[in-house]
Each structure stands twice: as C-alpha cells, then as structure tokens.
Amino acid sequence: MARDDPARGFGGTRAGAALLASAFVVATCGLVYELLAGTLASYLLGDSVTQFSIVIGTYLFAMGVGSWCSRYVKRGELQVFVRVEVLIAAIGGGSAAVLFLLFDRVQDFRLPLYGLVLAIGALVGLEIPLLMRILKDRLEFGDLVAKVLTFDYVGALAASLLFPLLLVPHLGLMRTGFLFGLLNVAVAIALIAMLPDRRRLRGELVGAILVAIALVVGFAASERLQRFAEVAAYGDPIVYAASTPYQRIVVTKRGSDLRLFLNGNLQFSSRDEYRYHEALVHPVLSRVATPQAVLVLGGGDGLAVREILRYPTVRSVTLVDLDPAMTALFTRSGMLAGLNNHAFSDPRVHVVNADAFRWLKANRRRFDAVLVDFPDPTNFAIGKLYTVSFYRELARAMGPRAVASIQSTSPLVAPRAYWTVATTLEAAGLFSRGYHVYVPSFGEWGFHLASPAPIGAAGPLPTGLQFLNAVTDRLAFAFPPDMARRPTPVNRLDNQVLVREFEAEWARVEG
Amino acid sequence: MTVSRRTLLAGSVAGAAAVGTGAVAWQSADALPPGMLGGADAVRGHRLRDGHFPEPVRVEHCDVAIVGGGIAGLSAAWALADAGVTEFRLLELEDRAGGNARSGRNAVSAFPLGAHYLPIPNPEAKGVMRLLEQLGIITGWQANKPVFDPYQLASDPEGRLLRYGRWQEGLVPTTGLSDTDRHDLIAFFATMKGFSGRRDAAGRPAFAIPMALSSRDPDLLALDTISMNQWLDEQGWRSPVLRAHVRYCCRDDYGTEPAEVSAWAGIHYFAGRRGSAANTDGDTVLTWPEGNGYLAGRMAARLAGHIEKGRTVYRVRNEGTKAVVDSYDEATKQSVRLIANAAVVATPHFITRRLVQGGSAGAGNFEYAPWLVANVTVDRAPGGPGFGLAWDNVSWTSRSLGYVVATHQGLDPKPGATVLTWYLPLSDVAPADARRELLAKPLEYWQAMVRDDLIQTNPDLAGTIRRIDIWRWGHAMIRPTPGLLWNGEREAAAKPRPPLFFAHSDLSGMSIFEEAHWHGTRAAEEAMAHLNHPHVSALT
C-alpha cells in the first residue's frame, strides 16, 4: 500500500506547514464560492434573504455529502486531494462566469445554479477530511483537529471580509471567481512540486496547468464575457426579470432607486424619471388650450400617463403599447404601479396592446395631444416608427391644433440622428421644434414638438412639478452650438438613415 | 421514393415518444416537414405537346381573343379595357392567371411562387408607369418624377450577404477583398455606370427597359455576339469575387451561367436600370408579401369578367380575316372554338410555336431555364452573426440564390413566424437534363436540399421549419444566350400576322415584368390599329 502512495517520503515540517497553509487557502476559496453563488442568486433572481439561505443550506449539505464520500477514498489521499483542488479550481473558478452566461439562455436558472452549488460544496466537503488524513501521521490527533480547523475558520473569516470589501467592488464577481480558482490550482501545483516523486502525478500536473491557463484567460477576458452576459451589466440587484415575446424586461432596485431595463437598455431611474416625463408631457399639454383626448404611443410604464392625468380637462388617455406584459406589470405590481400613481387603474385610461404603426394606420380618431415615447432606433424594426410614413399617419391622428412630442435620443451624443427626426417630421408636413433637458441617468436628452400648426409658447403648467416651469420650458428650446441643428436627410422606410446614423454616433461614444 | 408503411409507423411511434417526453422541439436531422409539390400544370402542358384534343363542340365569337394570362396577356387585356374594347376574352391554361407572377398564401403569409419584385421603372417605361398610377402605386408626381406609395417600396435593409461566416449589408462583397478584387470591382462598376449614362445620336439609351427602345449602335449590338464571360475576359477582369458576383446576377435574372449569357444581356442587368423617383432612390424596388403576384392579382381583378381559366388553347390560325382559337375546357372536357376579329397570342414562344398553325416566324433557338422555388414556413425569422435580417438574404457559398422574407414589408416590430422564398435556377446542368431531373425527383429530395441549404446558411433555423412547399418551373424563363437578342430572330417572332398578334417577354429575350408589359400592350395596340379601334398608345 505504501508503495502506491506518491506522498511517500513527503514529510518534515516544511510539508506540514504547506499543508496547513493549504487548509487556510482552500477554506477561503470554499467560502468565496459560496458567497459568489449566494450573491449571484440574489442578484439575478432577487429576494436576497431567500437566495442566500437556500444557497448556504444547499452548500453546507453538499459539503456534508463530500465529507461522507471521503470515507470511500481508501488510499492515495494526497493524489485525490490534488485532483479535488484542480476540479474545484475549474468548477468554482468558472462558476460566476458560467452562471452569468447561462442566465439569459436557460429555461430555469435555478437548475445550473444549484447544480454548481452542489458540485462545489461536495468537492469542498472532501478537502478537510482528506487533509486531516494526510496529516494524521504527522500530528497528534488533538493537535491535528485544532490546527486544521483553526486555519479553516480563519480562512473563512478572511473570505467573508475580503469578499464584500475588496473583491466585489474592485474585481467584480466573474474575476473574483477566476482569481480564487487560481489559488486552488496553485495549492495543487505547490503540493505536486513539493513531492519527491512528482512524476507519478504528471497527469494531475498537466491538468492543473491547463486549468490554470483557462482561468488566466478567463480572468483576462472577463470584460468581454461580461458583455456577453448582459445581466452582469445591470450593476444593481434584479428584483424582476421576464422574457416576453417582444423584449426582456428587467427591474433593478438599489435603495429607493428602481430602474427599468428593456433588452438591457435603461428606460428610467426612479430618481430622475420625473425630469424625463415632465419634459415629455408638459411642453405638449401646456400648449394645447383644453386637452381632452390624449394619445400615448409606447410608454408602457405609465409614467407619462401619470403626468397627463394632472390636467383636469383630460377625458381620455389612449395608450398603445406593444407588450401586454409591460402594461400588466405596471398595473399590478404595487411597487411599480406606485411609481405611475396607479395610472392604469384610472377609468380615463384605455390601454391597447398593439403595434403602434399598425394601430395608427387603422386609426380614424383625432387627438388633442400625442406623446410618442418609443425606444431609441437601435434596429430597423424600431426605425420604422421614426419614418416619414409613420409621421404622416401620426399627422392624420392629430386635430388641427394638436401638439405631439417625440422622444428623439440625445442631441449631444447623436446630433445627426436627433435632427433627422426634425427633418422627417417636417417632410411629413408638420411644424417641429426641438428641445432638450438634462436627465442625470441618461445625460443630455432630446425631444421634438410637432404640430400641424405653428408651435407657440407654453401655457400655464400644472402645480406640483419638480422640474418644468415657465423658465425651464423656455430654456429647453435653446441649443448650444455642439447640439445645434444641422442639415439631415429624411428618414424613410426604404432608406432607414436614422438607424445608421444613430448606430454610428453612439458607437463613437461607446467605443 | 414513397413512404413505406413501416417508416410511417416508426415515425408515428417516434413522434408519440417525442411528445411523451416533452422533446417536441427537438427535430431529427432526417425529419422533413410537410409540404406540397407544385408547378406549371405538366399534365395540361404535355397534353398540348401530344396534341390529342377532341374537335370543338361549339363555336363562340368575340372581338379580340387573348391567349395566355401571364403578365403579357394581362397587359394586353388591360390595354384593351383602357381603350374601351369590351368584347374581349382571355383564355388561360392554368386555374389562375399571373404566369410567373403567381403567388401562394398560407396562414402565416402570402408568398411569391416566382417573380417577386418590380424595380422603379425607367423613365422610358411609360406604359408600366401608367399602370402603376392606375393601381395607386404611383401616388403623384413631383418635378417630373413619380412619387411612390412608401409602403410598397422595399423596406430597408434590402439585401445582405453571408461571407466568411458573417452577414454584411448589400450583395457585393465589401470585406476580405484582394487588391485585384478591389480594382476589378471598381473598374467594372465604373464601366457599368458609363454604359448606364450612354446615349446614342438619336438620344436612345444604350440599354433601355423596354429593351426595344435601346440604341442600335453597332458596338453595343456586337456585345450580343459574345458571352458575358468572354466580355469580362476581354476587359481583363479576373477577380474571382467580381466573377462570382456577375455569375450570381446572371443566374438571378436569367437563370443562366455567365458563360452562356449574351454580354449584352449581362451588361443590361447592371446598366439598364435608370429609374428615378421623387421619394426614393433610383435603385429601390417595389415589392409585396406575394411578390409580383400582387400586380398580377390587381390586374386580374379588374379584368375578372374577361378571364376564362382552365382553358387549354391548342390551336390558333387565321381563316380569312378572322382568328380562330380552339381550346379545351378542362372543366367540361370539351373543346370550344372561339372566332375573333383579332387574337393576341401571349404564350411563351415554345408554346406559341405549337399553337399557331403555319408556324410563327422565327422558330429558332429559344431556350428556357428551369427553376426551383421553395416556400419555407418557419416559426421565427432567421438571424445570424453580423448584419441583421434583410429582405433578400444571400450566401456566398450556396448553390441557391438565397431567400427573400415574405413578411419584410410588414410593420410588426417583432415578426414571429414567416415564409422564406428560396430560389434555385438549375443553371449548372443542360436545361433539358435539369427539366428531366425536376420532374423525376420526388418532393422529399427537393425538400431535403432546401432544408440543408437553409440550415447551412442559417443554423439558427434548425427546429423552426414547419413546411417546405416546392414549386417547379420547367420553363421558368427565356435564356438570353449570345445572338438571341439582336440576330433578328426575336423581332421576326414578334412580327404580327394580322389578325394574329404576338406578345410575351420571350420576344425581348429577357423575362422581366416591363418587357412582358411592353409586348402585351404593343400587341393589343397593334390589334386595335388593325381593327381601327381608336386608342391612345400607352407606350409613348
């Protein structure tokens, strides 16, 4: 039996110290993986108490399974220990990256999550029993238990302090995973290196080196991986996520700040959305003598409707949004409906879930005010909603003195795209006036007023606004030279210049 | 290949097992979706070739008889209707008018069976322009330029090309080019621009559409004596990228390899289009979910009272001053004789040659390209790396010409299921052999070919294909081989023999909507002149 043991002759105080040090390292790593899984779960699935409890419970249970299984290791404990280290390095080190990448791509995210937690837990559970057995001939039993468990608990303390204070803020979850995977693999390689008869573990060494290379590559490529895994980009804990046939809806919450993302693009932050929605709504409604029938295209979050309902003359608001899941979410979720002041439950509000273009083509009603709040023209399908053909249909839906506003992206980042909207509105026979406001979470943001009649100054504004007043309304229509109007083409269905300009201009900023 | 009882049984057991395990999304590599095999009615066509028809049981009379309800025949009928001729009848062999411009429809979308777009017409295509105005496709004029209904112009993006595993915008490669490629492409397109702008002493464009209005300058007509490949060789352009692009275009428009396409026709593809519009670029096209089936349908709707379908005309002759048209009614299984003051024979030339007794002039070397068109119904639109889905999607390495997306003109922001119309001209085999293959091979053979090609181009389509319907066109289009266009045969075949008048795009040597329209309108006007019926020409 002893002949088969590669650890034969692996003795002395140097080796003993190395093994105890490895107890410290593996304990740190083990706890880091547990924290990674718990953080990821609460981050992606929401409800951190539940997620942390279940992850910790599952992990501890899996460690028990691993400890139990250690009894089936009859010989060659050191070799098994080295293999376990390499496996933990690979699975634990890559776990954060794998979970991020899988989040959007699997039916039930909990399957890979708990699968990985069980696997890592079981492997980590093998470590301490194996270590104790390797060390059992070198230390007296009482000393052995005391020393190993001390290093184990100190390692746990180190991990629990390092993780929130240093690792997550500075490295992020993915890189933390890769880094601690490297520590596990370093333990394996160091132990092999200290063996007198290390040729016997050549296979383990090759495996360890390959895993180390993979982890280094993963660490270096983390940023690119993050971009693949869009959810990693949200930055705040996710409290709601759903994929509808039309889009991916994600709501994040940090403190009192709720944020809505559609397909990874920020739609609003509850901290400053009042600036955006006051700017979208009030320049229009204050320019209509008695707004009664109002149309909202897009805007399924109901925040624009909240502003519209400040006008007592408004008798009906028709909101056309493609995605029933969006309007349902902002009707039923107490937290989100609170943001729009339960606008969708107001009897004056009629929600139509339809494609705005098709709805508008079929529409025969005329409205006093129209608010067009579509996503930015990031693709050709959305680009159709910014064409001269669309604005001609829009003009048909407007009474002779009606006013509309159109969300038109940032005039600072994408001035050509922004002013293309103006040219296109004018090509549809409408008067247009551009204006812009500063929304901290978006930056400098632009809109256009459009009307069949020349557009005048604002009338009286409702009370209770936080951003818009007579002065800020007037200022919004002034453009400094870097955002000033420039000659732009007309956006048509058959040329879609806006999508191309938008992409080129935003690519310049985002690199 | 027939499905044996055992495979069928095995299939249903496997199917039940798949449903049972919830693995219905999984699709075996062998499983072919349902579909139908369709095409020009070969039974009726072949009966025509064999010539066994009963003698007519009754005689009918009308002013003008039109034989054939493709775009040429419909255009002839349209011209008669415009001029106030009321006693005319159009006899069509198939159960539906439209010819190459016919279309299909299923629960997901309408889709083309053949021709699928009409370019913005050239200024000289006055007849087509007038038709488009009557149909409301041209909505007005600004500064002498037509204004088109924007919903009928092909939405952007029009085309994308898969090359080196990535989709790029447009059909001409822009990346991965050698210096030779770049040089030859630039030189080629510059030369085409030169041809496009060239006019002769009489002011005629070098390459007009309708082609009858083209210049007759000898150096231009000489291009018809050599093939496109020979002409490219003479220019010294050997870039494989340019040659492959030219090959694509020759197969796309003529179903024929560039080695067999007249250089005049080959250049016409690139230099013939000079359309301009007030509200779009000159190179935009008009398209509809059902392709040119939209135009054929609108035309047929106005002419509905005059069109008789399922009527196989098997003999046309002149008897004194009258035209005698004998046809077999597929419904009653009886033959009917129609005696008219004039007849417009608007069938493809290979049919006309059989119908017209005494033989129409120029019974010469008219060849036809066979095509396969597949309509593939998929659960969701394909994507792929690089540039997103366009209307026309082409793979650089595929034998096919790629696919167009039937729902492209739709306004839905997120189209779900759609129909992809996939085109393959069988140009790499001799036409007669290809036609035999087309008739001999079963539905499953073609379905597997289409599926494999599509999945190779768009692996993301795996598991989304719900139907593959195959349409066989044995004589899809005339092949503009060297000499056909300007050796006189074409004009001879078009020469009227009152009271018989001839119409078809074959008489231009090019299967293009505008050419069919030109000949249909021309033949109708010739017939009206013959009958002294007052009319204003739509052609000038």
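The values are calculated or read from the model by the stated rules, or taken from the named source; none is laboratory data. Fair warning: this is a prediction, and the values are worked out from it, not measured in the lab. Methodologically, a virtual Cβ is constructed for each residue, glycine included, from the backbone with ideal geometry; neighbour enumeration extends over all protein chains shown. To get the accessible areas, we keep the full protein, side chains included, count just its heavy atoms, and leave off ligands, DNA and RNA. Shrake-Rupley method; radii C 1.70, N 1.55, O 1.52, S 1.80 Å.
For region A:473-511, the candidate set comprises residues that are open to solvent by 70 Å² or more (accessible area, probe 1.4 Å) and hydrophobic (A, V, I, L, M, F, W, C); within that set, the residue that is nearest to A:Phe447 (Cα to Cα) is A:Leu475. On the basis of being within 21 Å of A:Arg508 (Cα to Cα) and assigned by TED's automatic domain parsing to the domain that holds A:Val288, does A:Ala453 make the cut? In short, no. Within region A:389-401, residues that are farther than 16 Å from A:Arg287 by Cβ sit with their Cβ atoms under 8 Å from residues that are of a type in the set (Val, Ile, Thr) and crowded, with 18+ Cβ neighbours inside 10 Å, at 6+ positions apart or across chains, in these pairs: A:Tyr391/A:Thr424; A:Leu394/A:Val370; A:Leu394/A:Val372; A:Ala397/A:Val370. For region A:76-111, the tally of residues that are in contact with a helix residue (DSSP H, G or I) (Cβ under 6 Å, 6 or more places away or on another chain), open to solvent by 60 Å² or more (accessible area, probe 1.4 Å) and at pLDDT below 85 stands at 0. Of the set (1) of a type in the set (S, T, N, Q); (2) within 14 Å of another protein chain (Cβ to nearest Cβ); (3) within 24 Å of the chain's Cα centre (by Cα), all apply to B:Gln134 but (2). No other residue among B:Ser215, B:Ser196, B:Ser262, B:Ser227 is of a type in the set (Gly, Ala, Ser), away from every other protein chain (no Cβ under 14 Å), touching a Lys or Arg at 6+ places or on another chain (Cβ under 8 Å) and more than 27 Å from B:Ala154 (Cα to Cα) apart from B:Ser215.
Which condition number in (1) out of contact with any Ser or Thr (no Cβ under 6 Å at 6 or more places or on another chain); (2) farther than 20 Å from A:Thr58 by Cβ; (3) open to solvent by less than 60 Å² (accessible area, probe 1.4 Å); (4) in a helix (DSSP H, G or I) is the one that A:Leu123 fails? Going through (1) out of contact with any Ser or Thr (no Cβ under 6 Å at 6 or more places or on another chain); (2) farther than 20 Å from A:Thr58 by Cβ; (3) open to solvent by less than 60 Å² (accessible area, probe 1.4 Å); (4) in a helix (DSSP H, G or I) one by one, A:Leu123 breaks only (2). Selection of region A:199-209 for residues being farther than 18 Å from A:Gly93 by Cβ and either in contact (Cβ under 8 Å) with a residue 24 or more places away in the chain or open to solvent by less than 50 Å² (accessible area, probe 1.4 Å) (or both) yields A:Arg200, A:Leu201.
Just wondering, is there one or more residues in region B:514-527 that are within 17 Å of B:Tyr368 (Cβ to Cβ) and surrounded by fewer than 23 Cβ atoms within 10 Å (Cβ to Cβ)? Among the residues of region B:514-527, not one is within 17 Å of B:Tyr368 (Cβ to Cβ) and surrounded by fewer than 23 Cβ atoms within 10 Å (Cβ to Cβ), which makes the answer no. Answer with yes or no whether A:Asp137 is acidic (Asp, Glu), out of contact with any strand residue (DSSP E or B) (no Cβ under 9 Å at 6 or more places or on another chain) and closer than 25 Å to A:Ala242 by Cα. No; evaluated as a whole, the condition is false for this residue. Screening A:Thr176 with (1) assigned to a helix (DSSP H, G or I); (2) hydroxyl-bearing (Ser, Thr, Tyr); (3) open to solvent by 20 Å² or more (accessible area, probe 1.4 Å) gives one miss only, at (3). Could you check, for region A:458-467, whether at least one of its residues is farther than 30 Å from A:Arg310 by Cα, of a type in the set (S, T, N, Q) and more than 14 Å from chain B (Cβ to nearest Cβ)? There is no residue in region A:458-467 that is farther than 30 Å from A:Arg310 by Cα, of a type in the set (S, T, N, Q) and more than 14 Å from chain B (Cβ to nearest Cβ). Can you find a residue that is within 14 Å of another protein chain (Cβ to nearest Cβ) and aliphatic (A, V, I, L, M) anywhere in region B:410-431? Within region B:410-431 (the criterion being within 14 Å of another protein chain (Cβ to nearest Cβ) and aliphatic (A, V, I, L, M)), the answer is yes, since at least one residue qualifies.
Please indicate, with yes or no, whether at least one residue in region A:45-68 is open to solvent by 10 Å² or more (accessible area, probe 1.4 Å), closer than 27 Å to A:Glu223 by Cβ, assigned to a helix (DSSP H, G or I) and among the hydroxyl-bearing types (Ser, Thr, Tyr). The answer is yes; a qualifying residue exists. For region B:138-161: of the residues being assigned to a loop (DSSP other than H, G, I, E, B) and not hydroxyl-bearing (Ser, Thr, Tyr), which is farthest from the other protein chains (Cβ to nearest Cβ)? Step by step, filter region B:138-161, then rank; the result is B:Asn144.
When you go through B:Gly255, B:Gly293 one by one, which is the residue that is closer than 30 Å to B:Gly84 by Cα and at pLDDT 95 or above? Before you say what the answer is, go through the steps one by one.
Numbers: B:Gly255 fails: closer than 30 Å to B:Gly84 by Cα.
None of the other options fit; the residue is B:Gly293.
Taking the stated definitions as given, is A:Ser451 away from chain B (no Cβ under 14 Å), touching a residue at least 24 places away in the same chain (Cβ under 8 Å), under 27 Å from the mean Cα position of the chain (by Cα) and closer than 24 Å to A:Ala304 by Cα? If you could, list the steps in order and put the result at the bottom.
Numbers: away from chain B (no Cβ under 14 Å): yes; touching a residue at least 24 places away in the same chain (Cβ under 8 Å): yes; under 27 Å from the mean Cα position of the chain (by Cα): no; closer than 24 Å to A:Ala304 by Cα: yes.
Here the answer is no, as A:Ser451 does not meet what is asked.
The strands (runs of 3 or more DSSP E) located wholly in region A:324-427 that include 1 or more residues which are under 26 Å from A:Ala457 (Cα atoms), away from chain B (no Cβ under 14 Å) and touching a Phe, Trp or Tyr at 6+ places or on another chain (Cβ under 7 Å) occupy A:398-407. For region B:32-41, name all the residues that are open to solvent by 40 Å² or more (accessible area, probe 1.4 Å) and touching a helix residue (DSSP H, G or I) at 6+ places or on another chain (Cβ under 8 Å). B:Leu32, B:Met36, B:Leu37, listed by residue number.
Take the conditions (1) of a type outside the set (D, E, K, R); (2) within 14 Å of chain B (Cβ to nearest Cβ); (3) closer than 22 Å to A:Leu394 by Cβ; A:Ala476 misses just one of them, which is (2). Quick one: is B:Arg317 at pLDDT below 95, in a strand (DSSP E or B) and not β-branched (Val, Ile, Thr)? For B:Arg317, the condition - at pLDDT below 95, in a strand (DSSP E or B) and not β-branched (Val, Ile, Thr) - is met. For region B:162-183, the set of residues classified as assigned to a strand (DSSP E or B) and more than 12 Å from chain A (Cβ to nearest Cβ) consists of B:Leu162, B:Arg163, B:Arg166, B:Trp167, B:Gln168, listed by residue number.
Would you be able to say whether some residue in region B:277-285 is more than 14 Å from every other protein chain (Cβ to nearest Cβ) and assigned to a strand (DSSP E or B)?
Taking region B:277-285 first, the residues more than 14 Å from every other protein chain (Cβ to nearest Cβ) are none.
No.
The residues on offer are A:Leu475, A:Leu461, A:Leu498, A:Leu465, and the sole one that is under 30 Å from B:Pro150 (Cα atoms) and in the same structural domain as A:Ile308 (by TED's automatic domain parsing) is A:Leu498.
So, B:Asn375, is that one more than 14 Å from chain A (Cβ to nearest Cβ), more than 30 Å from B:Val57 (Cα to Cα), open to solvent by 40 Å² or more (accessible area, probe 1.4 Å) and within 23 Å of the chain's Cα centre (by Cα) or not? Steps first, answer last, please.
Details: more than 14 Å from chain A (Cβ to nearest Cβ): yes; more than 30 Å from B:Val57 (Cα to Cα): yes; open to solvent by 40 Å² or more (accessible area, probe 1.4 Å): no; within 23 Å of the chain's Cα centre (by Cα): yes.
No.
When the test is whether a residue is within 18 Å of B:Gly170 (Cα to Cα) and in contact with a strand residue (DSSP E or B) (Cβ under 9 Å, 6 or more places away or on another chain), B:Asn375 does not pass it. Looking at (1) closer than 16 Å to B:Glu525 by Cα; (2) touching a Gly at 6+ places or on another chain (Cβ under 8 Å); (3) part of a strand (DSSP E or B), find the lone condition where B:Gly73 falls short. Every listed condition holds for B:Gly73 apart from (3).
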